Amino acid sequence: MSDFPPREAVARLPATPAFSWSHFSPSAGLAAVLALLVGYSGPFLIIVHAAQSAGLSAAQLGSWIWAVSVASGVAGFWLSWRWKMPIITAWSTPGAALLLTALPGVPYGEAVGAYLAAGLIVTLVGVSGAFDRLMQRFPAPLAAALLGGILFHFVADVAAAANQQAMLVGPMAALFFVGRRWFPRFALLAAIALGLAIAGAGGQFAAGAAWQGSSGPSWTTPAWSWTAFVNLGLPLAVLALTSQFLPGMAVLKASGYDVPARSPVTTLGVASLLSAPFGGHGVTLAAIIAAICTGPEAHPDPSRRYVAGLVCGVLYILLGVAGGALAGMVLQLPKALVVTAAGLALFNTLASALAAALRDESHREAALLTFVVAASGVSIAGLGAPLWAVLAGGLAGWLLEKRRV
């Protein structure tokens, strides 16, 4: 069940199998819930911090969360339904981090105008097919190595969490691996249930962690500014394409799902355009939380994992509409529990990605370099490790190929 899906497996799967209610499964639903827990437990706080740093009102902050949540949910549900693949979406976390320093001092209307410009750039890249041409030239072993590098520290963080809260993390990990032997379909669910019980008994839930914004959409009329475009719009587009769409497509490709990049890039570019006047800074493909839904933990049958994408879409919309209540619940979970659950969910996917990355001897060195750079977390000139991993691995692969010739 942990074997990495070979590329040829894609051809054996129908591109758009007929939907059936029987495709729903507890494991796919659990994968979706866990993906959203991870998404809202960290990146959510970045948005709140950025809004507070920029002096946004409670209404503007609530509208921002509403915009990115609903846009992610609608786009992700549609893409997963259309392709019958677990295409998981999210707001741009690197973009939110950029806004921590770039948004303060920019008039909010001009910031919204920059969001629109970024969405337009992404849409045009998707429509042009340029992203598809890039993905076609990216070797499968390097895609697997990129995925492995992205996931590595999330799995390694389980060990760090155990060092801090051994009595919570240790039993969860032990039950997970026992479950992998005796009840593999429910091993992760059992580990999470045990973690919740231990955290509850130990009083580890963050009582009082609360959402301070209001919920619901609030329109802001966009304004154009070259300064905002250069400082916000253009960097947001570049970060979305290199730090989100590139690894997001690599996750899908490495998991055996062959979807034309034009479809998700264009769809999410349009979703970003529509959500911008309500404060949305951009929605993109997810990478880390996507791996939770594309791996065997979601379902042993790859053709039934798309259900996780549908559930994710519905949950995103509910979180956006419900505003603070559901998001506040996420913030009350112990960080160690969320870290451990995510790491355990990604364990088999990481193992399979590494096996696929190093299987082909002709790409082994380039794949290893891709993995190392991606796992390093290096950031140069404001661009993250995934982009530099692609460039380093691609260049190494080209040079080594020339050497063999």
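The values are calculated or read from the model by the stated rules, or taken from the named source; none is laboratory data. This structure is a prediction, so every number in the text was calculated from the model and none was measured. The area values use the complete protein model at the heavy-atom level, side chains included, leaving out ligands, DNA and RNA. Shrake-Rupley method; radii C 1.70, N 1.55, O 1.52, S 1.80 Å.
Using a cutoff of 8 angstrom between alpha carbon atoms and counting only pairs six or more residues apart, the relative contact order for the chain works out to 36 percent. Taking amide H atoms as placed 1.01 Å from N in the peptide plane, the amide H of Thr89 lies under 5 Å from those of Ala286, each 5 or more residues away in sequence or on another chain. Counted over all Cα-Cα pairs of region 164-303, pairs farther apart than 23 Å make up 60 percent. Calculated on C-alpha atoms, the gyration radius of the chain divided by its Kirkwood radius gives an Rg/Rh of 0.96.
Would you work out if region 64-216 is rounded, prolate or oblate? Take a ≥ b ≥ c from the square roots of the eigenvalues of the alpha-carbon gyration tensor; rounded if a/c is under 1.5, else prolate when a/b is larger than b/c, oblate otherwise. Verdict is oblate for region 64-216. For the chain, the solvent-accessible area with a 1.4 angstrom probe is 41 square angstrom per residue. By the equivalent-ellipsoid construction on the alpha carbon gyration tensor, region 264-361 comes out with semi-axes of 28, 20, 13 Å, ordered largest to smallest. An oblate overall shape is assigned to region 334-405, the ratio a/c of its alpha-carbon gyration tensor axes (a ≥ b ≥ c) being 1.5 or greater and a/b not exceeding b/c. Counting only DSSP H runs of at least 4 residues, each contributing -39500 (n - 2.57), and dividing by the residue count of the chain, the helix-based mean residue ellipticity at 222 nm comes to -21500 deg cm²/dmol.
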